[in-house]
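Let me begin by presenting the structure, written as structure tokens, before commenting on it.
The values are calculated or read from the model by the stated rules, or taken from the named source; none is laboratory data. Source: prediction; values computed, not measured. Every residue, glycine as well, gets a Cβ built from its backbone with ideal geometry; the counts of neighbours run over all protein chains shown. Just so you know, the surface numbers come from the protein's heavy atoms only, side chains and all, with ligands and any DNA or RNA stripped out. Shrake-Rupley method; radii C 1.70, N 1.55, O 1.52, S 1.80 Å.
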Amino acid sequence: HQVADMAEYAREEINAVGGYYAFGKELCNGNSVFDFDTTKLSVHTLDIGLAGIEVYDILRDEYDIQIEFGDIGNILAYVSVGDREREIERLVSAMADLRRRFRRTGTAGMLTQEYIEPEVVTSPQEAFYAPKISVPLAESEGRVCSEFVMCYPPGIPILAPGERITGEILEHIGYAKEKGCS
């Protein structure tokens, strides 16, 4: 109960800072979202002009705060029985300071979507077992992918076998690499 209360307090305080969205149970709609683990502190960061992976790196390097991970648009911190109120206050203060120091206005040059609708050309099995050639990423547009391509974090596939490699997907991959994803 204390852990959930601390996480909810962190959510409220981070949202009060402005520019962040620490989401919680308000997303539960009984249709597509049925429940939410309140001990996982998920914060959307794009509105301050920083990718989640950038916020993750800054928290680690500038504030000595290690959170779970950052992706293109979010960070994730776990609140556990090992945390105390002062660690929550330290995180909230760092988020406020980070916003003040690093905030960029507008989303120019930022990737604002995390999902790209795939163009499926053939079955995953057919693509996976088909003869393959290796080409540089920049020369792959228009080809059919034969392996999984994913950004880490979070490790969710951007491309699966059988999907066409598009310019939009290549832009997404380039952006993610530029921001620090593998």
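Pairs linking a residue in segment 37-52 that is in contact (Cβ under 8 Å) with a residue 40 or more places away in the chain and over 21 Å from residue 151 (Cα atoms) to a residue that is open to solvent by 10 Å² or more (accessible area, probe 1.4 Å) and assigned to a helix (DSSP H, G or I), with Cβ atoms under 6 Å and 6 or more positions apart or on different chains, are 39/3; 48/99. Restricted to helices (runs of 4 or more DSSP H) entirely inside segment 63-182, those with at least 3 residues that are modelled with pLDDT of 95 or more are 85-102.
Identify, please: which residue in segment 1-41 is part of a helix (DSSP H, G or I) and more than 21 Å from residue 87 (Cα to Cα) and is, among those, least open to solvent (accessible area, probe 1.4 Å)? Restricting to residues being part of a helix (DSSP H, G or I) and more than 21 Å from residue 87 (Cα to Cα), the top hit is 27.
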